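The values are calculated or read from the model by the stated rules, or taken from the named source; none is laboratory data. For clarity, every value in this text was computed on a predicted model and none was experimentally measured. Neighbour counts are summed over all protein chains in view; Cβ atoms, including those assigned to glycine, are modelled from backbone coordinates with ideal geometry. For the accessible areas, the whole protein counts, side chains as well, though only heavy atoms, and no ligand, DNA or RNA atoms are used. Shrake-Rupley method; radii C 1.70, N 1.55, O 1.52, S 1.80 Å.
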Amino acid sequence: MYPLGERPNYEPAPDSTVAALAERAGVTPAEFAYDAMLEQDGQAVLMLPSVNYAYGSLDAAREMISHKNAVYGLGDGGAHLGFLCDASLPTFMLQYWGRDRKSERLPVEQIVRGLAHDTAQTIGLGDRGLLRAGYKADINVIDFDALQLGPPRVSYDLPAGGRRMTQAATGYAATIVNGVTIQRGGVPTGALPGRLVRGARQMAGIAS
C-alpha cells in the first residue's frame, strides 16, 4: 500500500510503500497507515495497486495504451463508483501521461485524439470528437500548466445517501456542450443543454 497524498501519485517508487516508510519512521506499518489516513482532515486514502503495476512502474500500461487498437475509456462513473472514480481518467491522461511523468510520456495530441475522436468513433458517435463544421461543439478549454487532479474523496450525495467516489480537478477554464458553456473556471453556469443518447452499440446512456 502507498499513501496517495494531496497530489495523488499513481506511479509511486517501490521504496515508498507504507511498510518501507514505517520502517524508516521506526513505527509499525499499521501505526503509519492510521496516521497517514488521518491527514487531509481524516479524508486521506491509501492506494493498493492490483494490476498493471509490475516492477513498480506503469511501463506495461504505457505499452498497452499506446497500441493502435487501444481505446482509453469513457471516463464514466458506473456501478462500481463506490470504490473507484473513473471520471478522473481524462484529466489523469492529460496531466500525467502528457505532462508530469518523469519517464516516457505520450504526445499530448495523441491523448486528445484518443479521448475525443477515437472514443467517439468506437461507440458510434460519429458527429463529435473533432473541431469541424457540422460537428457537435463539445469542447474543453484547458489551462494545461494548471491542470491538476485532487485527492479522491468519498461523498454520500446519491439518492438515499448512496456513496460515491469523487475527484475534483483544476485547470479547466471552460466546458462547452454543443456550443453552450456549462462551466467556467470549474463553476457550473446552470446551463444543461445535454440530452440522453441511447443506441444499440451502447449499454448505458451517454450525455450528448
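Structural remarks
- Student exercise, segment 76-176 dipole from Lys, Arg, Asp, Glu Cβ charges, in Debye to nearest 20: 120 debye
- Relative contact order, percent, the chain [alpha-carbon distance under 8 Å, six or more residues apart]: 15 percent
- Positive-pole candidate from Gly42, Ala146, Met1, dipole of the chain, charges at beta carbon: Ala146
- Computed on protein heavy atoms with a 1.4 Å probe, the accessible areas place Met93, Met47, Met37, Met64 in the order Met64, Met37, Met47, Met93, largest first.
- At a probe radius of 1.4 angstrom, the accessible area of the chain per residue rounds to 62 square angstrom.
- Taking a sphere under 11 Å around the Cβ of Leu149 and counting the other residues whose Cβ falls inside, with K and R at +1 and D and E at -1, yields a net charge of -1.
- Mean ellipticity per residue at 222 nm, deg cm²/dmol - from DSSP H runs of n ≥ 4 across the chain, formula -39500 (n - 2.57): -4500 deg cm²/dmol
- Share of carbon and sulfur in the accessible heavy-atom surface of the chain [1.4 Å probe, %]: 57 percent
- GNM remark for the chain: springs join alpha carbons under 10 Å apart, and the peak mean-square fluctuation among Leu21, Leu149, Leu196 falls on Leu196.
- Listed peptides 185-193, 9-17, 159-167 by packing density, highest first (mean Cβ within 10 Å): 9-17, 159-167, 185-193
- Of the residues Tyr156, Pro90, Ser16, the one whose Cα sits farthest toward the positive end of the charge dipole of the chain, with +1 on the Cβ of Lys and Arg and -1 on the Cβ of Asp and Glu, is Pro90.
- Relative packing of 53-60, 169-176, 112-119, which averages over residues the other C-beta atoms within 10 Å, highest first: 112-119, 169-176, 53-60
- Counting only Cβ charges, +1 for Lys and Arg and -1 for Asp and Glu, the dipole size of segment 1-156 around its Cα centre is about 560 debye.
- Given the choices (1) 19.2; (2) 16.9; (3) 18.0, Kirkwood radius over Cα pairs in Å derived from the coordinates of this structure is entry (1).
- Segment 1-73 - percent relative contact order, Cα under 8 Å, separation 6 or more: 32 percent
- Relative frequency of Cα-Cα separations exceeding 23 Å in segment 1-94, percent: 35 percent
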